[in-house]
Structures are given as C-alpha cells and as structure tokens.
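Remarks on the structure that follows.
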Amino acid sequence: MIKYLKTDPWLVIEEGFEAKHHRSSESIFSLGNGTFGQRACHEEKYSGPTLQGSYVAGVYYPDKTRVGWWKNGYPEYFAKVLNSTNWTGIDIQIDGEELDLAKLEVSEFRRVLNMKEGTLTRSFVVHLNESMIGFRDGGRSKQMKVEVTRFISMADYETAAIRYSLTPLNFSGEVTFSPYLDGDVKNHDSNYDEKFWIEVSKSVQEGEGVLVTRTKKTDFELAVAMNCVLEGARWQTSMDYSLVRSTATVKADKGKEIVFYKYIGLVSSLNYSPGVCAESAVKAAKRAKENGFEKMHAAHIAKWASIWDLADIRIDGDAEAQQGIRFNIFHLNQTYTGEDARLNIGPKGFTGEKYGGSTYWDTEAYCIPFYMATKDAQVARQLLVYRYNQLGKAIENAEKLGFENGAALYPMVTMNGEECHNEWEITFEEIHRNGAIAYAIYNYITYTGDKEYLAQYGWDVLLGIARFWSQRIHWSEDKQKYVMLGVTGPNEYENNVNNNWYTNYIAVWCMKYCGEVLEYIKKNHPSAYAEKAAKYHFEEEKEVARWKDIEAKMYYPTKEGTKIFLQQDGFLDKELRSAASLPSNQRPINQHWSWDRILRSCFIKQADVLQGLYFFEEHFDKQVLKENFDFYEPMTVHESSLSPCVHSILACSLGYDEKAYEMYLRTARLDLDDYNHEAHEGLHITSRAGTWMSVVQGFGGMRVYDGKLQFNARLPKQWKGFAFNILHNGKRVHVEVDANG
Ligand code: BGC
C-alpha cells in the first residue's frame with residue numbers, strides 16, 4: 001500500500017510535490033469524457049519521470065506481435081490504444097528560465113481532482129534558480145505562483161480547456177507562454193519501438209494551430225486544434241515534424257495575475273470523414289473559445305451534476321470508503337458513456353497503456369451491472385450489441401483453432417473482434433470468457449426484461465457460444481462423463497488444467513440457456529427463428545440433443561465428503577497453505593516469484609470457483625457457498641483487481657462482515673492506495689465497476705429474480721449509513737440504509 005493522498009468526500013488531494021509519486025498521480029488524476037482522455041501530466045515541461053499519455057476512444061494500432069516462440073494460432077498483432085497528440089503542452093519561461101518542476105524548488109504544491117465537477121487543478125509556488133533578486137541581502141529566489149485548471153468537456157465531447165495563471169510574488173519581469181500540439185509521440189509499450197503515427201497536415205497562426213496525424217496501417221485520422229488567449233500577446237509561430245507551436249512573451253508585474261487559456265478541439269475519422277477532420281477540429285476549438293472558459297466549465301459541471309444525481313453513492317461516517325466509491329464512479333463515467341456501439345471499456349481506460357485499451361471479459365462480467373443500473377438500458381444494450389457485431393469474427397477465431405459449424409470463440413482481448421492476446425495459456429485456454437458473454441445477455445434480460453433483444457441479436461451469440469462448448473467438451477471413456485481438458489480458469493495462476501469447475505459449469509449453463517432462449521424464440525418469434533435457423537444451418541434436434549446429453553453427464557470435480565467444488569482435477573495435490581503464511585516481502589507474488597513456482601502453488605489470483613458461485617448464487621444453498629468460500633478465500637492473493645469485489649459480495653451474503661469490509665476497502669481504494677504497486681501504469685478501470693457492485697449487491701444485497709428487485713442490506717459497523725440509486729424498468733429507486741434498517 002502506498003498512501004500519500006488526502007481524504008475528502010469529493011476531492012482527491014495531493015499536497016507537496018514528490019517526483020516519486022508523479023507517475024502514479026498522472027494516472028490517478030486522469031481526465032476523460034468517453035471520447036478522449038489524458039493522464040494528468042504537467043502542462044509545462046517536466047524532465048523527470050513521466051508517462052505522457054493522451055488517448056482517443058476507438059483509435060488503435062495493430063502492433064506486430066512479439067513473442068519468444070511462435071505458436072500456431074497466435075494472432076498477428078496486439079491492438080493498442082494509441083498514445084496520440086499531446087494537446088496539454090504549454091512550455092513556460094520566466095525571465096528566460098524554463099519552468100520545470102524536476103529542476104526547480106516548489107512549495108505549497110497542491111494537485112486536486114474535483115470529482116464532483118470533473119476538474120483537475122494544480123497550484124504551487126515555484127522558486128527560480130538562476131536569476132536572484134536582492135543579491136546584497138544574500139540573494140532570494142524569484143517566486144512565481146502558478147495555478148492551473150483543466151477539464152475535458154462532458155457537455156461537448158470534442159473539446160477541452162486549460163486555464164493557466166501566473167502571479168509573480170516578489171518581482172516584476174516577463175513570462176513566455178509557448179503552447180503547442182505535438183503529434184510526434186510514441187506508445188511506451190510499442191513492441192518494436194516503432195512510432196504509430198505519421199503527420200498528415202498542420203497549420204499555425206497567432207495562438208491558433210491545427211495538427212492532423214494518421215495511424216499507419218489502420219488509417220485513423222486524428223485532428224487536434226488549439227485556440228489560445230493571452231492578453232497583450234504578440235504571437236510568433238513555429239513548426240516541426242508533427243508539431244505546431246505559438247509563442248508569446250508578456251510583461252509580468254509583481255502581484256498581478258496573468259491568465260492564459262488554451263482551448264482544444266479534437267475529432268477523429270471515427271466520426272468525420274478524413275477530408276473534414278481538420279476543419280471540424282478547428283471549429284470545435286473555436287466554439288470552445290467563443291463560449292469562454294467559465295461558460296464552458298459551467299456546462300461541463302452541469303453535465304457531471306446530472307451524472308452524479310443518479311450514480312452517486314453516499315457513505316456516512318467513513319471518509320475513506322466515501323472517497324473510494326466516488327473515485328470509482330467518477331472514472332467509470334469518464335471512460336465510457338455508452339453512446340457509440342463501436343466503443344467498449346478498456347481495463348485501463350484513458351489512464352495508461354498496459355492491456356492496450358482493448359475489450360476483455362471484464363466488460364461482461366463486471367461492468368454491465370454498473371451501466372445497467374446507473375444509465376438508460378440502452379447503454380448496456382450497446383455493450384451487448386458490440387459483441388453481436390463481432391460474432392462473425394468470433395466464428396473465424398474459432399475456425400482458426402479447428403472448430404466448425406458456426407462455433408464462436410470470442411477473443412480474450414480485442415479491438416475489432418479479432419483476437420490480440422498472444423500467450424497460449426490465455427489465447428487458447430482462457431475460454432471461460434465465452435461464458436461471461438452469454439451470462440451478460442442473461443443478466444441484461446433478467447434486469448431489463450428486454451426479451452426482444454434475444455430474438456433480434458441475443459440468440460445468435462448464444463448459439464455460436466453453445467456450439468463452441470459442445471465441440472470443446474468431449475466424452476471420457478474412463479470417467480464415463482463429459483470432460484474439458486487443457487484450460488485456464490479465471491485464476492491465471494494455474495494453466496493447462498483439466499476440468500476447471502468454473503469453466504465446466506458455465507459451459508453447460510450456456511448450452512442450457514441457449515436451449516431455453518431457443519424455445520422462447522420459437523414460440524414468440526417464429527419467423528425470426530426460421531430465418532436464423534436457416535442462416536446458421538441449425539440442426540435443432542441433433543444439436544439440442546448433444547447439449548442435453550452433456551448437461552446430464554458432465555463431470556464436475558468435487559472434494560469427497562464435502563460440498564467443495566475443485567478448481568481443477570489436480571488441485572488437492574497441491575501443498576495447501578494460506579496466503580497469510582506468505583511473508584509480506586514476497587507479496588505480490590507475481591512480482592517476487594518465478595512463474596513456475598506460482599503455477600505449482602495453491603495461491604489463487606482471483607475468484608475462480610467463487611466467480612461461479614457469484615454468478616449462479618441462486619443455484620446453490622448457503623452451505624455450499626460457505627464451504628467453498630472458507631476453503632478458497634484464505635488461499636487467494638487478490639493479485640487481480642477483479643478479485644476483492646466478488647469476495648466482498650459473497651462475504652456479505654455469508655454475514656462475514658469484517659471480511660466484506662476489508663475486501664471492500666481493498667477494491668474501492670485499490671488505486672488510490674496503490675495496493676499492488678502499479679498505479680503508475682494506469683488505473684484498473686474495469687474493476688472499478690466491481691467496487692460499485694460490492695456496495696449495491698454486497699452491502700445493499702440487491703438481486704434481481706424474475707425481473708423483481710430484492711434487497712437484503714447489511715451495514716458495516718464502520719459506516720453510519722449509505723445510500724444509492726438505481727434505474728430499473730425506467731423507474732428510479734432510491735435505497736437508504738442506516739442502523740435502523
Ligand atoms: C485478469 C483478467 C482480466 C485482465 C484485464 C488480468 O490480470 O486476470 O481476468 O481480464 O487482467 O483486467
């Protein structure tokens with residue numbers, strides 16, 4: 001745990017500048033509006049360690065795969081979310097000296113993320129090195145007060161604005177502002193150290209400029225325009241490869257504030273034809289400037305107010321828990337707004353590069369419930385349609401691996417439906433992801449009652465998935481049961497195992513659910529059924545018979561004499577010990593142990609059997625849940641951000657209040673307190689939705705059975721009360737829990 005931020009219900013506050021925290025802060029204080037986003041890098045030059053990162057939703061590059069030893073079936077590329085034009089840059093000189101926090105003394109540093117208003121501010125006093133005043137008195141450095149506010153508009157998705165103010169505290173002199181747009185940027189995770197962008201066009205004139213860049217191979221165009229305001233400025237312009245810059249020097253009088261504004265317009269060929277990107281970006285920047293900072297900011301804050309009005313969760317009497325949950329809700333809303341079916345939710349959102357900004361099973365398993373309950377049902381539907389649109393690619397993906405007859409294997413990692421992941425144990429084996437995609441359809445239908453979706457899109461996806469499982473499972477003569485060999489379950493700390501209980505269970509459930517939906521469509525939408533049956537060459541009798549046979553004779557490993565489901569056939573051969581027995585200097589084990597040692601150990605990265613018991617809680621009695629939780633949780637090291645939330649929810653169901661609270665804090669403050677020492681790489685955006693689930697489904701005990709809401713709330717003793725809203729069937733439900741019930 002690394003704790004350096006102050007606690008506040010609506011703010012994240014960093015006081016005092018320490019370079020060692022800067023990269024983590026760049027992630028934590030990131031801003032975004034679903035369309036684009038920026039790490040909280042300093043606007044002015046910073047020569048210390050930094051991960052300059054600016055990302056645009058849906059714009060990616062197929063970076064050629066890099067692996068040690070090629071295996072048949074590996075994807076050719078890994079689709080990366082692209083580090084793109086840096087639009088925040090403003091170089092500052094004070095009396096000719098560069099403002100660079102890595103080189104100058106800084107006092108009163110305060111960086112604040114205002115989550116209520118979606119605004120990032122920084123203020124500090126900088127002490128210059130080179131030019132001193134009052135030499136005769138032993139010399140005092142010149143001091144400049146700096147105050148910066150920036151936001152990415154939620155009200156106008158193509159714009160952002162920065163207000164940068166300087167006040168000389170003890171001298172008069174001059175300052176130079178040099179705002180720029182820099183498209184000559186690189187992904188830090190580029191496989192071959194290659195740049196992904198080329199310059200297309202640029203132009204610059206007094207305080208204004210536009211830069212158009214294009215991705216190699218995928219041909220996405222990105223146009224970014226700036227429009228700057230500085231009273232009394234006489235701008236000079238300059239250009240370089242993929243760079244436009246304007247520079248102006250103005251007088252700075254002691255005690256008098258100088259305010260500079262940089263308005264940004266940003267569009268891509270995702271929404272405009274390439275020929276008009278430049279002019280559209282210029283128009284957007286102009287629109288921002290004409291509105292002015294205050295008006296634009298007010299509209300942005302109003303949009304956030306409407307988001308919070310529904311999505312906020314109030315926790316009384318526990319400031320850390322309160323800040324944690326708002327931090328999560330804030331980042332989820334910054335990452336995905338649900339207006340575009342081509343977009344999805346990358347595990348790091350706009351806060352970093354690892355995981356490539358691509359789509360994982362995280363969306364279906366963790367994010368859908370949050371978006372379903374805090375937004376119009378249309379938003380979750382979009383996320384489902386995203387997978388429907390990629391069904392063809394999922395079928396091709398399965399074909400590459402030798403499956404046939406329309407079997408679909410959705411990718412573990414994707415941007416456009418093609419598999420990008422290139423580790424055999426995940427690409428080929430972590431097939432449980434198919435189950436989560438089917439489960440999300442079920443979850444959506446249960447919550448919204450939108451059964452039309454099944455006839456329109458849902459069954460197509462379910463059929464492809466059911467066909468995959470029916471081919472992947474085979475008959476074991478020895479066991480006289482159906483089995484599934486060579487898989488990796490959600491716990492990635494075991495690979496190539498046989499009969500992972502979770503995968504076996506969800507596979508059979510998928511076939512069963514597909515059969516049920518089939519009956520529904522046949523009865524209620526006969527012509528849709530006839531059309532689909534012909535389209536997919538569906539041999540109903542034969543295929544359904546196979547699903548049923550598998551359902552009747554599937555093998556599920558269990559521990560004799562108990563209700564414990566085994567994570568896999570060989571699990572009990574392991575040396576079983578609790579994670580508490582691990583010395584703290586060996587944790588997280590993935591940063592200290594060799595991979596083979598991890599694989600041989602009993603330690604569990606994230607919920608596996610328990611993931612199944614979470615999804616299918618109503619299939620099992622409490623005793624089953626208790627025995628499995630008591631057996632697995634102590635061996636779980638929670639080294640995936642997706643782990644603590646599921647455990648918190650299950651602990652609530654079992655009345656394990658302390659455990660539920662411990663797991664809640666861990667999920668809610670995972671990045672704020674940097675539990676896994678990796679916040680500098682970016683935030684764990686998808687698991688933020690899990691935190692929301694741990695309040696609403698965990699402490700709130702919300703379940704939906706047959707379209708009906710049910711609550712079974714528990715109040716942690718650390719809290720005085722809590723409250724949340726959900727949207728259900730178009731109605732807003734407000735839930736308030738306190739010590740009286
Ligand atoms: C987890 C996966 C998850 C991925 C992206 C991994 O560490 O084990 O379950 O899909 O991160 O969040």
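Values computed for the structure shown
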{"read-out": "Condition check for Y556: under 36 Å from the mean Cα position of the chain (by Cα), among the hydroxyl-bearing types (S, T, Y) and open to solvent by 50 Å² or more (accessible area, probe 1.4 Å)", "value": "yes"}
{"read-out": "Candidate set from the stretch 218-255 (those that are open to solvent by 70 Å² or more (accessible area, probe 1.4 Å) and among the charged types (D, E, K, R)); member that is farthest from S84 (Cα to Cα)", "value": "K254"}
{"read-out": "Of all residues in the stretch 407-439 being of a type in the set (D, E) and open to solvent by 30 Å² or more (accessible area, probe 1.4 Å), the one that is nearest to the ligand (Cβ to nearest atom)", "value": "E423"}
{"read-out": "Criterion (open to solvent by less than 20 Å² (accessible area, probe 1.4 Å), among the hydrophobic types (A, V, I, L, M, F, W, C) and more than 27 Å from N389 (Cβ to Cβ)) met by exactly one of V497, V461", "value": "V497"}
{"read-out": "Identity of the residue in the stretch 445-478, touching a residue at least 24 places away in the same chain (Cβ under 8 Å) and part of a loop (DSSP other than H, G, I, E, B), that ends up nearest to Q382 (Cα to Cα)", "value": "D450"}
{"read-out": "Extreme residue, nearest to the ligand (Cβ to nearest atom), among residues of the stretch 639-653 that are of a type outside the set (D, E) and surrounded by fewer than 24 Cβ atoms within 10 Å (Cβ to Cβ)", "value": "S640"}
{"read-out": "Single residue of the stretch 53-91 satisfying the filter (within 18 Å of the chain's Cα centre (by Cα) and open to solvent by 20 Å² or more (accessible area, probe 1.4 Å)) that is nearest to F220 (Cα to Cα)", "value": "Y60"}
{"read-out": "Qualifying helices (runs of 4 or more DSSP H) (wholly inside the stretch 481-573; at least 1 residues being at pLDDT 95 or above, within 26 Å of L642 (Cβ to Cβ) and within 16 Å of the ligand (Cβ to nearest atom))", "value": "501-524"}
{"read-out": "Residue within the stretch 705-718 that is in contact with a helix residue (DSSP H, G or I) (Cβ under 7 Å, 6 or more places away or on another chain), among the polar types (S, T, N, Q) and crowded, with 19+ Cβ neighbours inside 10 Å present", "value": "no"}
{"read-out": "Residue check for F615: surrounded by 22 or more Cβ atoms within 10 Å (Cβ to Cβ), within 16 Å of the ligand (Cβ to nearest atom) and among the aromatic types (F, W, Y)", "value": "no"}
{"read-out": "Answer from Y453, Y442 - the residue that is modelled with pLDDT of 95 or more, away from the ligand (no atom under 16 Å from the Cβ) and open to solvent by 10 Å² or more (accessible area, probe 1.4 Å)", "value": "Y442"}
{"read-out": "Helices (runs of 4 or more DSSP H) contained entirely in the stretch 598-678, each with at least 1 residues that are within 27 Å of V497 (Cα to Cα)", "value": "609-615, 622-632, 643-654"}
{"read-out": "Those strands (runs of 3 or more DSSP E) lying entirely in the stretch 1-82 with at least 1 residues over 16 Å from R122 (Cα atoms) and touching a residue at least 60 places away in the same chain (Cβ under 8 Å)", "value": "36-38, 54-56, 60-64, 77-81"}
{"read-out": "Matching residues in the stretch 238-263 - criterion: being more than 20 Å from R150 (Cβ to Cβ), touching a residue at least 60 places away in the same chain (Cβ under 8 Å) and acidic (D, E)", "value": "D253"}
{"read-out": "Pick from the stretch 201-217, criterion open to solvent by 60 Å² or more (accessible area, probe 1.4 Å) and in a loop (DSSP other than H, G, I, E, B), ranking: nearest to E279 (Cα to Cα)", "value": "E206"}
{"read-out": "Answer from R381, R342 - the residue that is on the phi < 0 side of the Ramachandran plot, of a type outside the set (V, I, T) and not in a helix (DSSP H, G or I)", "value": "R342"}
{"read-out": "The stretch 406-438: number of residues that are at pLDDT below 95 and within 16 Å of L463 (Cα to Cα)", "value": "0"}
{"read-out": "Selection status of I726, more than 30 Å from N83 (Cα to Cα) and surrounded by 15 or more Cβ atoms within 10 Å (Cβ to Cβ)", "value": "yes"}
{"read-out": "Selected residue (criterion: nearest to D674 (Cα to Cα)) from residues of the stretch 559-599 that are surrounded by 14 or more Cβ atoms within 10 Å (Cβ to Cβ) and charged (D, E, K, R)", "value": "R587"}
{"read-out": "Residues that are of a type in the set (D, E), part of a loop (DSSP other than H, G, I, E, B) and open to solvent by 50 Å² or more (accessible area, probe 1.4 Å), drawn from the stretch 96-130", "value": "E117"}
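Results for (1) of a type outside the set (F, W, Y); (2) more than 16 Å from the ligand (Cβ to nearest atom); (3) open to solvent by 10 Å² or more (accessible area, probe 1.4 Å); (4) under 29 Å from T448 (Cβ atoms), shown as yes or no for each residue.
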{"site": "K659", "(1), (2), (3), (4)": "yes, yes, yes, no"}
{"site": "L672", "(1), (2), (3), (4)": "yes, yes, no, no"}
{"site": "E681", "(1), (2), (3), (4)": "yes, no, yes, no"}
{"site": "R688", "(1), (2), (3), (4)": "yes, no, no, yes"}
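Residue by residue, here is whether (1) within 16 Å of the ligand (Cβ to nearest atom); (2) open to solvent by less than 10 Å² (accessible area, probe 1.4 Å); (3) free of Cβ contacts under 8 Å to residues at least 40 places away in the same chain; (4) out of contact with any Leu (no Cβ under 7 Å at 6 or more places or on another chain) holds:
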{"residue": "F330", "(1), (2), (3), (4)": "no, yes, no, yes"}
{"residue": "K348", "(1), (2), (3), (4)": "yes, yes, no, no"}
{"residue": "T351", "(1), (2), (3), (4)": "yes, yes, no, no"}
{"residue": "A373", "(1), (2), (3), (4)": "no, yes, no, no"}
{"residue": "I395", "(1), (2), (3), (4)": "no, no, no, yes"}
{"residue": "N405", "(1), (2), (3), (4)": "no, no, no, yes"}
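The values are calculated or read from the model by the stated rules, or taken from the named source; none is laboratory data. This is a predicted model, so every value here is computed, not measured. Glycine also receives a Cβ, built like all others from the backbone with ideal geometry; neighbour counts cover every protein chain displayed. For accessibility, only protein heavy atoms count, side chains too; no ligands or nucleic acids. Shrake-Rupley method; radii C 1.70, N 1.55, O 1.52, S 1.80 Å.
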